[in-house]
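Notes follow the structure.
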Amino acid sequence: MEHFAEPYRIKVVEPINLISREEREQRIREAHFNIFNVKSRHVFIDLLTDSGTGAMSDNQWAGMMLGDEAYAQCANYEHFESTLRDVFGFKYFIPVHQGRVAENLLFSNIVKPGDYIPNNTHFDTTRANTLHKGGYPVDLICSEARDPHSQYPFKGNMDVARLEEFIREKGAAKIPACFLTVTNNSTGGQPVSMANIRATKEVLDKFGIPLYFDAARFAENAYFIQQREAGYKDRTIIDIVREMFSYGDGVLMSAKKDGLVNMGGFIGINDAELEEKITNLMILIEGFRTYGGLAGRDLEAIARGIYEALDPRYLEFRTKQVKLLGEELMKRGVPIIEPTGGHAVFINAGEFLPNIPPSEFPGQSVVIALYREGGIRSCEIGSIMFESKDPTTGKSEYAPYELVRLAVPRRVYTNAHLMHVALCMEKIRDYKDKLVGFDIVHQSKYLRHFTLKLEEKKSVRTSV
Ligand code: F0G
């Protein structure tokens, strides 16, 4: 195993506790087998998300003390805006309290019922916000992403040929925007190459369709371009980031990931008319234009965090740590989406538990087993999250993969914590044929995974 050390030392610690196996059993039952209902203090290693769960630096905490909490035109907004302009290059930057509000504000202004929004792969909130406005989210991921074992270096790419076909089929008038999600969270945190960004933009230009980035993990994407794409190894991360966004007409970002903050986000655009419309709606639902639902100190933390996320030593450690977890799982016979992506390891639960069909949610069986075995919280990214019903036949369409995401918070856990996870999965592997599926007993219309209740099947399936 390659040895590599954190490029920081620990200044503040937060105790965590592994409660007893009996208590874990009680807690998961009380939670109706929905991991979102388990209290944080009953979790030992929390890999539910890398969103808003990172550790801020001493530099960011120092900046928090410089919060200017004026309602209008606070000094931190100036710093926030100049930083974002320097890094992303757009004309207007509108702060919001988190990414999904950016989606809501933009889609409320550009999506009409019956419109289509293509994306390499929508994250669940972009999908839900598109549907909420009467639009159809369309995923046009490249074919390489369909093979979980393919080592293709840019499995987050858009299928550009399919995109062009799709636009010709539906007509550009029905497509108010196209998105690239960097990195592509829902297909394994896989990066998008610069060549693919360029090619996507070229197709969209033919039809006058704007390109937006969903940039939650933009720095990790830029790092992969530097490491994996010909012609970029001698370019700096910030330079790569600037090139990426130079092809865009706008950006939506949840700063809770590569902004290295616990709360925040923004919209970046060039279109003055759209900026005014978004601002008007934003004042209604988020706050004044220069704070957008955040405190002045939060804007300061984002301005500082964005630059820290571009530090190559930080990015090298981070991607190596995620890779380490992936390798330790594979060594133990646990199938994952290969190669490991930027922010998480995705266990291929469909492959791991072939005896549990998508209708019984094999990903959830792994999620619950990890909690029972080691107090680990993970997240199902499979048919619980993405099952859809055909509007005419009512037939279920299941997710293409039944995955479990082990998202690694930034600058929070050591490699020893991640070894605990790998060792728990090794134990689970030895009794995996005894795991059972689940039935949904309660669910909501949108984003059901957050609130649903489940019941565990009584017995092990003998055939699928
Ligand atoms: N876009 C992407 C690619 C995301 O991963 C997320 C959030 C959002 C948008 C929405 O941002 O949470 O600030 O409102 N992803 C989190 C996750 C929740 O766990 O992957 P938000």
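The K39 and R162 beta-carbon pair, evaluated with R₀ = 41 Å, returns a calculated FRET efficiency of approximately 0.40. Rounded, prolate or oblate: which fits the range 1-144 when a ≥ b ≥ c are the square roots of the eigenvalues of the alpha-carbon gyration tensor, with rounded for a/c under 1.5 and prolate only if a/b beats b/c? In terms of gyration-tensor shape, oblate.
Looking at the range 87-137, the trypsin sites (Lys or Arg not before Pro) that sit in a DSSP loop and have at most 14 other Cβ atoms within 10 Å of their own Cβ are K91.
The value obtained for the range 196-261, namely the Cα convex hull volume divided by the number of residues, is 76 Å³ per residue. Loop-located GluC sites (Glu not before Pro) in the range 1-66 (DSSP state other than H, G, I, E, B) with a sparse environment of at most 13 neighbouring Cβ atoms within 10 Å: E2.
For the range 376-425, the list of GluC sites (Glu not before Pro) that fall in a loop by DSSP and count at most 12 other C-beta atoms within 10 angstrom is empty.
Neighbours of T83, meaning other residues whose beta-carbon lies under 12 angstrom from its beta-carbon, give a summed charge of -3 when Lys and Arg score +1 and Asp and Glu score -1. Find how much the distance from K427 to E397 grows on full extension, using 0.36 nm per residue of separation minus their present alpha carbon separation; answer in nm with one decimal. Working it through step by step, the gained length comes to 7.6 nm.
In the range 134-247, inverting the average of 1/r over every pair of distinct C-alpha atoms gives 14.5 Å as the Kirkwood radius. The order of the peptides 247-257, 330-340 by mean Cβ neighbours within 10 Å, most packed first, is 247-257, 330-340.
Counting 0.36 nm for each residue step from H420 to E327 and taking away their Cα separation leaves a gain of 32.1 nm.
Once the Kirkwood radius over Cα pairs is known for the range 332-464, the Stokes-Einstein relation at 4 °C and 1.567 mPa s delivers a diffusion coefficient of 83 µm²/s.
Pairs K112/K170; K323/K457; K39/K256; K112/K277; K155/K323; K91/K112: which are spaced more than 23 Å apart, C-alpha to C-alpha? Over 23 Å apart, Cα to Cα: K323/K457; K91/K112.
Here K432 is the anchor, and the aspartates and glutamates within straight C-alpha reach of less than 19 Å, apart from those fewer than 8 places off in the same chain, are E25, E328, E351, E360, E373, E380, E402, E455, E456. Answer with one residue from L105, T340, L299: the one whose Cα lies farthest towards the positive end of the charge dipole of the chain, charges on Cβ with Lys, Arg +1 and Asp, Glu -1. Going by the Cα projections, it comes out as T340.
Please work out whether the range 200-308 counts as rounded, prolate or oblate from its C-alpha gyration tensor, where a ≥ b ≥ c are the square roots of the eigenvalues and a/c under 1.5 means rounded, while otherwise a/b larger than b/c means prolate and anything else oblate?
oblate
Computed from the alpha carbon atoms alone, the convex hull of the chain holds 146 Å³ per residue. Projecting the Cα atoms of L18, L84, L47 onto the charge dipole of the range 1-89, computed from C-beta unit charges around the Cα centre, puts L18 farthest toward the positive end. Note on the range 116-266: antiparallel DSSP beta bridges, both residues inside, total approximately 25 percent of the bridges counted.
Inter-label distance, K277 to K320: 4.8 nm, where each label sits 7 Å from its Cα along the C-beta direction. Placing unit charges on the Cβ atoms of the charged side chains and taking the dipole of the chain about its Cα centre, the candidate lying farthest along the positive direction among L204, G189, L260 is G189. A crude spin-label estimate for the pair K174 and L284, with each label 7 Å from Cα along the Cβ direction, gives 2.8 nm. Here the Kirkwood formula, the inverse mean of 1/r across different C-alpha pairs, assigns the range 60-308 a hydrodynamic radius of 18.1 Å.
Centroid-to-centroid, using Cα positions, the range 417-464 and the range 350-378 are 3 Å apart.
All of the numbers you see were taken from the coordinates with simple rules; none came from a lab. Just so it is clear, the model here is predicted, and its values are computed rather than measured. Positions of Cβ are generated from backbone atoms using ideal geometry, with glycine treated the same way; all protein chains shown enter the neighbour counts.
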